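A short worksheet on the structure shown next.
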Amino acid sequence: MSVTESSPSSASPPDGTPVIDVVDPASGEVVGSIPVGSAEAADAAVRAARAGAADWARRSPADRSAILKAGARRLREHAHEVAELQTREGGKPIGDSMGGVEAGIGAIEQYAELGPLHRGRSLQGNWDATDLMVNEPLGIVALLVPWNDPVAIACSQIAAALVTGNAVVFKPSEKTPLSAERFVELLDIPGGALQLLQGDHRAGAPLAAHPGVDLVMHTGSVETGRAVAQACAARLGKALLELGGKDPLIVDAGVDPEWAAEQAASGSFANAGQICTAVERIYVHREIAEPFIAALARRAGALRVGPGLEDGTEMGPLIDAGQRELVHSHVESAVAAGARLVCGGEVPEGPGFFYPPTVIADVPADAPLVSEETFGPVATVRVVDSFDAALVEANDTTFGLAATVLTPSQANAQRAWRELRVGTVKVNAVWGGAPGGAAQPARNSGLGTGFGPELLDEMTHTKVVHLESAPEAPAGGTGVGHGEAEPDLG
Ligand code: NAD
């Protein structure tokens, strides 16, 4: 979906409030609209969440868990409807959208189970005292969510925040607001503990700066993350940041080039490359570079690109015209600097914001395709002479989200997970990992733990309690001064 701000005369409600059009990225057609957002709306959402916060926090964790599970059941009953909305506004193939909704439902159910088990500690104090470490809700959690996997990300973060007793102000991306509105309705959290705030940065920035917010969790670009961190620092508020990436894929000598190409294609072209952990840089050993690049180009050419709601579509459009311009400008500047365009790389005619799966080799190390997040279906290849060189280049970045290594060598695999400065290292599989894996992004890719059971720690505040009994008052005494004689005031 793309966003165009409409002039109040063309697409605004009768009261003249400016709106943002929600656009189907496969057709360019407007499919809805939302308010642009304002400081007043952000303040009203925080106040409404605050009004519901105390009652929500006083509910037992089991009660909160039951409410979330009921919400997940309703979401499951309407999963296809929500997935279809997500495809209309975001462009994903419908199967991928269903996968995202199911992942969201799974995350709600998982946090609903984990919440009541999230516990503090009892400490070993004096015999006549009780000493505890207790996890308490932070209060109001603001969630700033991106468009590229909107339902899964939001469901997970909303569930973690609510189950630990926080009230939530949830601001979805202005590019995917319609699926958000529907699943918030379906979750049906009582008492105002979940507030939906629509709009773009005009809603997000005042929300991040709001003194009534206790934690801002932002999932999005590095640039916005920096602005959010600054807004939080100004009021010493806590920020949890899950940001962009420029993930490397190292293809070592000795691997099957066909299999490596299959892995690379999946890593670079899934969701048209619009995944934070998409493969954005490929370092292939010279020994297998040519057959690997040829196989990768064959796979790129075979992918069926089309509208996400059309049967058989494997790759949808980019989110909007601006994203397509950015992706194409990265490709063009690499070609101008001497890179070899193997396939793709041309903006197609016709409606929507499609871009072909693109393979480009010999890209200079200082090209934006290598140094900046592209977020498009571009497999950027550099040929290296050794595994050592691949490791050095893979680490030569400001990002640190994830990395994948394809290698038959146990020694190289071992070195890779030790030496790569990232939050997640995958060996011989571009996707995958056990449930509960909660990486901390490295370098500019973020701050804190945004997933797994550890997210419940981030969503709570640890309080230490030391509890002793008061000594008994002497019989017949006044109790003043703990049973001591009343002071002589004369
Ligand atoms: P974005 O940072 O532009 O927007 C994310 C959210 O922040 C949106 O709701 C947006 O409206 C809001 N926002 C924008 N400007 C703001 C401001 N000044 N103050 C407060 N809020 C503001 O990111 P995006 O374009 O929606 O998403 C794509 C980015 O998200 C990519 O960089 C991708 O790598 C990243 N991402 C990271 C993860 C992760 O887990 N690390 C997951 C998904 C996406």
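Per the Cα gyration tensor, the stretch 137-208 maps to an equivalent ellipsoid with semi-axes of 18, 14, 11 Å, ordered largest to smallest. Could you pull out which residues in the stretch 123-138 have an amide N less than 18 Å from a spot 7 Å beyond the Cα of Ala438, following the Cα-Cβ vector? Flagged as within label range: 133-138. Relative to the first principal axis of the alpha-carbon coordinates of the chain, what is the inclination of helix 177-187, with its axis defined by its Cα atoms, in degrees from 0 to 90 and to the nearest 10? Compared with the principal axis, the helix lies near 40 degrees. If you model the stretch 91-172 as an ellipsoid using its alpha carbon gyration tensor, with each semi-axis the square root of five times an eigenvalue, the axes come out at 36, 14, 7 Å, biggest first. Considering the stretch 168-260 at the alpha-carbon level, its Rg and Dmax are found to be 18.4, 60 Å.
Each distinct pair of alpha carbons in the stretch 210-354 adds a 1/r term; the inverse of their mean, the Kirkwood radius, is 17.8 Å. Axis angle, to the nearest 10 degrees, between helix 150-163 and the longest C-alpha principal axis of the chain: 20 degrees. At an R0 of 45 angstrom, the distance between the Cβ atoms of Arg226 and Thr130 translates into a FRET efficiency of 0.55. Annotation for Glu258 and Gln410: the two label points, set 7 Å from Cα along the Cα-Cβ direction, are 2.8 nm apart. Helix 61-77 and the longest principal axis of the Cα set of the chain meet at an angle near 30°.
By the compact-protein rule of thumb, 2.2 N^0.38 Å, the alpha-carbon radius of gyration of the stretch 63-120 corresponds to a ratio of 1.29.
Taking N as the residue count of the stretch 344-473, its C-alpha radius of gyration divided by 2.2 N^0.38 Å amounts to 1.59. The Stokes-Einstein estimate for the stretch 1-152, based on a Kirkwood radius over Cα pairs and taken at 25 °C with 0.890 mPa s viscosity, is a diffusion coefficient of 129 µm²/s. The distance between label points at Asn428 and Ala475 comes to 8.0 nm (points 7 Å beyond Cα on the Cα→Cβ vector). Three principal axis extents describe the C-alpha atoms of the stretch 321-420; from largest down they are 50, 25, 25 Å.
Multiplying the residue separation of Arg286 and Ser386 by 0.36 nm and removing their Cα-Cα distance gives an extension gain of 35.2 nm. In the chain, one over the average inverse separation of all distinct C-alpha pairs is 24.3 Å, which is the Kirkwood hydrodynamic radius.
The eigenvalues of the Cα gyration tensor, multiplied by 5 and square-rooted, give the stretch 259-336 an equivalent ellipsoid with semi-axes of 23, 17, 11 Å from largest to smallest.
Within the stretch 293-402, the trypsin sites (Lys or Arg not before Pro) that combine a DSSP coil assignment with at most 16 other C-beta atoms in a 10 angstrom radius are Arg304. Tell me, what is the percent relative contact order of the stretch 218-306, built from C-alpha pairs under 8 Å that lie six or more residues apart? Rounded, it is 30 percent for the stretch 218-306.
Where a number appears in this text, it was derived from the coordinates with a stated rule and is not lab data. Treat the numbers as computed from the prediction; the structure is a model and nothing was measured. FYI the Cβ positions are ideal-geometry reconstructions off the backbone, even for glycines, and counts take in every protein chain you see.
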